[in-house]
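Notes follow once the structure below has been shown.
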Amino acid sequence: MNSDFLYEKPEVSSGFLLWQVTNLWQREIKKALEKYDLTHSQFVLLASIHWFSLINQNVTQILLSNHTKIDPMTTSTVLRTLQAKGLITRQEHETDTRAKTVILTEAGLQKIKPAIVTVEQFDKLFFGSLGSQTEDFNNKLITLLETGDFSK
């Protein structure tokens, strides 16, 4: 067959499969987060702030951007929205005068705790079909993340 595509069938394309799975997963996560009035980006940033605060690490916008792989401009925009919702505050960093420390408010903490449970329960259900292959799957995802930036 004469084709403009490298693959004979779409199911052989890793990128296409990843795109399909990602869209399915994101659509269901969006539904799960509706009751908390949070977008997925808002959830990821709030959960990350909570994670870092539990290990007593000062949370900055750049730390969040690097950790979540959300670009710095989007991180800033989402943090402004979270601040307007009263879920976070920003204050002067203890040592870096250019940076602000991001802190969950009590309202943010009360919102993120049950949202984390909901997302983790959904992830367990969604990825449960992988069974004993879950750790291998996660390691392969980590390998892809560690490969780096392909835009160079």
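All of the numbers you see were taken from the coordinates with simple rules; none came from a lab. Every value quoted in this text rests on a predicted model; they were computed, and no experiment measured them. Using ideal geometry, Cβ is built from the backbone for each residue, glycine included, and neighbour counts are taken over all protein chains shown.
Each residue of segment 50-63 was assigned a 3J(HN,Hα) from its phi angle through the Karplus expression (A = 6.51, B = -1.76, C = 1.60, θ = phi - 60°), giving 4, 4, 5, 5, 5, 9, 6, 9, 4, 9, 10, 4, 5, 4 Hz with x at Gly and Pro. Relative to the dominant Cα principal axis of the chain, helix 134-147 is inclined by about 80°.
Amide H contacts for T60 (H built 1.01 Å from N in the peptide plane; partners 5 or more residues away or on another chain; cut-off under 5 Å): V102.
Evaluated at q = 0.15 Å⁻¹, the base-10 log of the normalised Debye intensity for segment 14-128, with identical point scatterers placed on the Cα atoms, takes the values -0.69. Could you tell me which of the pairs K100/K124; K85/K113; K9/K30; K111/K140; K31/K85 are separated by over 28 angstrom between their Cα atoms in the structure shown? K100/K124; K9/K30; K111/K140, as the Cα separations exceed 28 Å there. Summing Cβ point charges (Lys, Arg +1; Asp, Glu -1) relative to the Cα centre of the chain gives a dipole of roughly 500 debye.
Set Lys and Arg Cβ to +1 and Asp and Glu Cβ to -1, take the dipole of the chain about its Cα centre, and tell me which of L125, W51, I88 lies farthest positive. Working it through, the farthest residue towards the positive pole turns out to be I88.
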